[in-house]
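The values are calculated or read from the model by the stated rules, or taken from the named source; none is laboratory data. Computed from a predicted model, the values in this text were never measured in an experiment. Glycine gets a Cβ as well: all are built from the backbone with ideal geometry, and neighbour counts include every protein chain shown. The area values use the complete protein model at the heavy-atom level, side chains included, leaving out ligands, DNA and RNA. Shrake-Rupley method; radii C 1.70, N 1.55, O 1.52, S 1.80 Å.
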Amino acid sequence: MPQNISDRPIQVNCDAGDYSLLKDLEKRKLYLSGGFDAIEDREKNYNQCLSGPSYIIKQILDFNEQDKGLDPEERIPIRLFINSPGGSTCEGSPLVSAIELSKTPIYTINTGTWGFMALRIGIAGHKRFALPCTLFKIAPMIISSEDSFDTRYGEENIEKHILEHSNMTAAEYHALSETKYMLPEDALRYGFIDEIITDIDTIL
């Protein structure tokens, strides 16, 4: 992997016209912040749209297209910074799939809270990090009315996903569901993250 991101030019696909956003995209830095609900709600908020699951999926697809033909270890990783209480499973689940299918490595970083659906998104990362003093909310997700038609979004599927992306047992999962919150040390012990950040350069 190149030592410096400028070693290989990266095409940026962005219509925002915002310099700071372009600069982040050039460095393959994406942000999931705030809650994410129905599409019509996000369209009312420009900033939320640029930090929502649909926008992040688009960028993941674009970066994979740019990297087509390269082995995964040759690709510059995408860094997804997450600070979110979660949101709709219909909105968040496709992002989980995009992360899992991405051949370009995606590093997820907890910069505040991984709550509910945001937790599922975060633990899907190929490498997972957390800043100290962050939170992980593992309480069972509330299925929104828009998801109620499809039982595959139900609690059984949520539990299966969490157990597949951690080293916890079903009994431990149900016990932690009562506790509701985990600290970074707990998340590391249960395999939700791979590292607690002690050197900021690790994620820059």
### Task
Please give the solvent-accessible surface of F192 in Å², to the nearest 10, using a probe radius of 1.4 Å with every protein chain present.
0
### Message
Students sometimes get this wrong: rank C133, C90 by accessible area, probe 1.4 Å, all chains present, largest first.
### Response
C133, C90
#### Entry: Partners for K29 among lysines (Cα-Cα distance below 27 Å; same-chain residues under 8 apart left out)
K44, K58, K68, K103, K127, K137
## Note on the structure
Summing +1 per Lys or Arg and -1 per Asp or Glu among the other residues with Cβ less than 14 Å from R189's Cβ gives -4
